[in-house]
Structure formats: C-alpha cells, structure tokens
1. What distance in nm separates the two pseudo spin-label positions at B:ARG96 and A:THR75, each 7 Å out from Cα along the beta-carbon direction?
2. Pick out, in residue order, every one of the GluC sites (Glu not before Pro) in region B:19-100 that is DSSP loop and has at most 10 other C-beta atoms within 10 Å; say none if there are none.
3. Which distances, shortest first and in nm, link A:THR44 to the matching position in the other copies, using label points set 7 Å out along Cα to C-beta?
4. Copy-to-copy spacing for B:SER63, label 7 Å out on the Cα-to-C-beta vector, in nm, shortest first?
5. Counting partner chain Cβ atoms within 10 Å of every residue's Cβ in B:162-173, what's the average?
6. Taking a label point 7 Å from Cα toward Cβ, how far is B:PRO85 from its twins in the other copies, in nm, shortest first?
7. Label-point separation (nm) for A:ALA53 and B:THR34, each offset 7 Å from Cα along Cα-to-Cβ?
8. Within region A:123-189, list the trypsin sites (Lys or Arg not before Pro) lying in a DSSP loop whose Cβ has at most 16 other Cβ atoms in a 10 Å radius.
Number of protein chains: 2
Amino acid sequence: MNRNATGCNKQIMNKKENHSAKSEIEQAFLRLMTQKSYMDITVTDIVQEANVARVSFYRNFASISEVLDSIADATAEKLNIEFLPLLDTSDERKLREYLFNYFYQISLNYKEMWAIRGLNMDLFTKRLGEKIHEKRKAVESADSDISEKYGWVVKLCVLDGVSRRWIMDEMKETPEEIIDYVMPIIKTL
Amino acid sequence: MNRNATGCNKQIMNKKENHSAKSEIEQAFLRLMTQKSYMDITVTDIVQEANVARVSFYRNFASISEVLDSIADATAEKLNIEFLPLLDTSDERKLREYLFNYFYQISLNYKEMWAIRGLNMDLFTKRLGEKIHEKRKAVESADSDISEKYGWVVKLCVLDGVSRRWIMDEMKETPEEIIDYVMPIIKTL
C-alpha cells in the first residue's frame, strides 16, 4: 500500500514535471524566436535556454516544428473559446475590457513579440491562421452561411491590421484611442 | 552626326534591353518563388530561369533582396494609385469590376501565387505591407485623423483575410458570391 501510494505519487509528480518542462520549453522557444531566426534555432538552444535535459525535449516534442505547432494550437484554442465569442457579444464593457487587454499587451510586448527578428512573426501568424481555420471548420456546419463563415475572419483581420499599422507607426495613439476607433467597426461587422 | 545618331540609338536600345532584362528577372524570380524557398534561391537560379547574362542581374540589382523589394514597391504603388482610391469611391460598378478582377485573378493563380511553398508568400506580404506603409506615411499629413490613417488598412485587411480563408477552404464560393459579401462591408467601413 505504501509502495503503491509512492508509485502513484511518483506518477503524478512525473506528470507535473513533464507538464512544467513542456511549458518551460515553449517559453524558451518563444524567447529564442525574439533573438534569432526560426531556421537557426536548434534543440540544443532550446534545452539550454529552458534549462531542461535534452530527454525532456524529446519526451514532449518530436521536433522544433511541433513546439511551434503546440503554441499555435493553444493560442488558437484560446482565441476560439475566449475571444471570438466576445467579438459577437452585446456586452460592450466586456469587449472593451478584452480589447484593452489585447492592445495594452501589444504596447508592452511589441518589441519582443511583434518586432521579432526576420520572418518569425509571420511564421507564427501563418501557423496560427491554419490552426484557427481547422478549429472553425470543425464547428461550422456544412450549410453555414457566408457571413457565419467569414464574419470572424473579417473581425480578426481588422484587429490584426490595425495593430500592425499601429506598431509600424510607433504607436502614436493610446490603446484607448485605438479601441474607440475599432469598437464601432467591430460592432457593425 | 551619323555616329551620334547611332550612339544615341544604342543608348536607347541599351535602356530598352535593360528594362526588359529587369522585368525578365522579376518574372523569373516570381516563378522561382513558387518552386522553392526564398532562402534557397540563388542569383544563378534567377539568371538561368530568366535566360539573361549574370551581368544583367547586377546591372539592375545589388542583391536578391532588391528584386523582392522592387516587386513589392511596384505592387504597393499600383495598390496605392489604383486600388485604394477605388475602395473609397461611390462608383459601385467600378469597385465591383475591380474586386471581380481581384478575386478572379486569385482563383486563377492561387496555386502559383498563394499556395507558394513555405514562407515566400508571407515574406512578400510583409515586404508589401512595409512598402504600402511608407507610401501612405508620405501622403498623410501630421494631423490626419485616425480614420484617415487606419481606414484603408481595415479595408485591405478585410479583403486579404477573406481571400485567405476563401483559398484555405478551397474556394467553395464563386468570386461573385464573395464580392456580394464584401461589397457592403467595404462600403460601411
């Protein structure tokens, strides 16, 4: 019994360790993406940056591409569950809160997350786009009408386009000004 | 005099040859972009594909990056002069005609121009975005209001987003159906 309990604890602990290693690896990968081109990132870079054993990497991922995949998948899931329903809500306060968070985060992290060296950002956006597409296809019925099918695309693209230009032009507006501009657009779409 | 005339003709002919070599090189580069990753394209590949002398390449461009730059620049100029004013027009027939051309071209060329291998498409879109941004900054006054500054971004992003999803979902709608969907959106923006 004692032995069983220990074995069980060990299993739980392994799972926990593994989960935390997975997340450490993903965070390390994201940090590396701000420093060098995706093509140049090696497994050695990642395990050093994450401070985990090499075996931990291969326990969680078959390749670096899978790390990117996993992050894009989680981001798409979050967008799908949290963000897209909000874009359709009539709860203006909640939408505003969420948009504030979105633009505020960008203003804090854009140097790291947006001005990422070379093509990394586009690579991530591309993978994310594919993931969102997959997830939406799964929930859409065959007879979804065109506005059901394209409405969320249009809204996300508006947000994405406005943030890109905002960043490119060195964020001259405050997040609040940007939100005041996009809120009515999102609502008419 | 005769000699002068010949010299002059020669100069004109050289200019013409040069112009046509430039355009051959750009076309060849675009074809190569559909076949291999940007990183793997060499000057040798380009001059072979374009069937021009190596010296012709270096007479026109300092590097491959400049070829991409030149194409993005011309595309941005075209968008800026032809397309963006149309998006603001009240001439619905003209806008519809232009949109038809836009979506119809996509439906004809998407395998080549959109499903480009790897990151090439995103690379091109990124460069194009920077070029459009530069050109717009040059014409915007310092006190442009926010809708002047972001309105065209929003419209272009809507078109871009809808076309991307249309392609990803194997273009189930006709160009006309897509236009009927995006026209009212563009007009309310």
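Derivation of every value follows stated rules applied to the coordinates shown; laboratory data play no part. Note that the coordinates shown come from a computational prediction; the quantities given were computed from them, not determined experimentally. For neighbour counting, all protein chains shown are included, and Cβ atoms are generated from backbone atoms with ideal geometry for every residue, glycine included.
1. Distance between the two pseudo-spin positions: 3.9 nm.
2. The qualifying sites: there are none.
3. List, nearest first: 2.8 nm.
4. 2.8
5. The shielding value for this peptide is 4.
6. Listed shortest first, these distances are 4.8 nm.
7. 5.1 nm
8. For trypsin sites (Lys or Arg not before Pro) across region A:123-189 that sit outside H, G, I, E and B with at most 16 neighbouring Cβ atoms in 10 Å, the list reads A:LYS172.
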